[in-house]
Amino acid sequence: MVGLSPQRADIIVAGLAIVERIMRKLGANVVQVHTRGVRDGLMLTMIQQLPTLPSIPTEDRRAAIEEFAKSCGVDLSHARQVARIAGSLWQQLAGPLKLKSDDRELIESAALIANVGYLINFDGHHKHSYHLIVNSELARFERRQLQILANVARYHRGTRPKKRHENFSELSVEDQKRVCELAAILRLALALDRTHQQHVGEVRARVRDDVVRIVVQSEDEANVDLWAAERKVDLFEKVFGRKVCFSARDSGARARSKRRTRPVRPGRGRSR
């Protein structure tokens, strides 16, 4: 064992001796080395122990998503609100930003299960969400769709998608683009219910030149949600090369508080 200290070499030899004895006892002649850590094994075990989802009609994938979210302890009121906002934004922006209109279902699904990683731990929950989703057996979803959903959940917060990330690099170029677009809009939708109080009502989005204007209507104070959304625009501005301006409109009142007037250079941005 060249390059190892005598103490380290002794430990390895002892370990190999134990493995060799176990193999003899079990009559095994092959050992498969797991390249992951203990946490991955625990997470897979937790997934296997989740309640079995009831039989669901083929056309109702939304029900499968919600059952999965519920089994992971997700705040469904918040998740449904985020899904509604994300779907509305996607529908309005699909034409001007040349998005796939049929990806609305994907962004709504991702919104519902983005936070399933809380089941494992709050810290780094977006990464836990990725593992839970990609290893799940969600009814009616193909493998490719699960990978997209898992990646969108992975990037709903934290660093932006990067090609050096193994989970992201495994996707096709087309799906990498879709993940970036979906995650960028999902970040705004999640921020618009930062308080988990569902203050935001109707959301209107309009694209003019290099600006996306989003008007938020609310019967209650949505200042905190708007404040949060203004701080989650970086990925959107990088992906779409347009700045984002928010306005708030109380029911029956005029639009107020125009925001985000600074210019944005395509390809520049900072993720949070």
Task: Contour excess over end-to-end distance, with Cα ends at His165 and Asn121 and 0.36 nm allotted per residue - done: 13.7 nm
- [ ] Mind giving me the FRET efficiency for Lys100 and Glu20? R0 is 45 Å, r the Cβ-Cβ distance, nearest 0.05 is fine.
- [x] 0.25
Open item on the list: List the pairs from Lys163/Lys238; Lys98/Lys162; Lys70/Lys98 whose alpha-carbon separation is above 27 Å, in the order I gave them.
Closed with: Lys70/Lys98
Task: Distant-in-sequence amide H partners of Glu202 (H built 1.01 Å from N, under 5 Å) - done: Gln217
Open item on the list: At 7 Å along Cα-to-Cβ for each site, give me the label-to-label distance between Arg62 and Val224 in nm.
Closed with: 2.8
Task: Accessible-area ranking of Ile185, Ile120, largest first, probe 1.4 Å - done: Ile120, Ile185
Task: Solvent-accessible area per residue for segment 92-176 (1.4 angstrom probe, square angstrom) - done: 46
- [ ] Enter the Cα centre distance for the pair segment 95-115 and segment 189-210, rounded to the nearest angstrom.
- [x] 15
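The values are calculated or read from the model by the stated rules, or taken from the named source; none is laboratory data. Keep in mind that this is a model prediction, so the values were computed, not measured. Backbone-built Cβ (ideal geometry, glycine too); neighbour counts: all protein chains shown. Quick note on the areas: whole protein, heavy atoms, side chains included, nothing else; ligands and nucleic acids left out. Shrake-Rupley method; radii C 1.70, N 1.55, O 1.52, S 1.80 Å.
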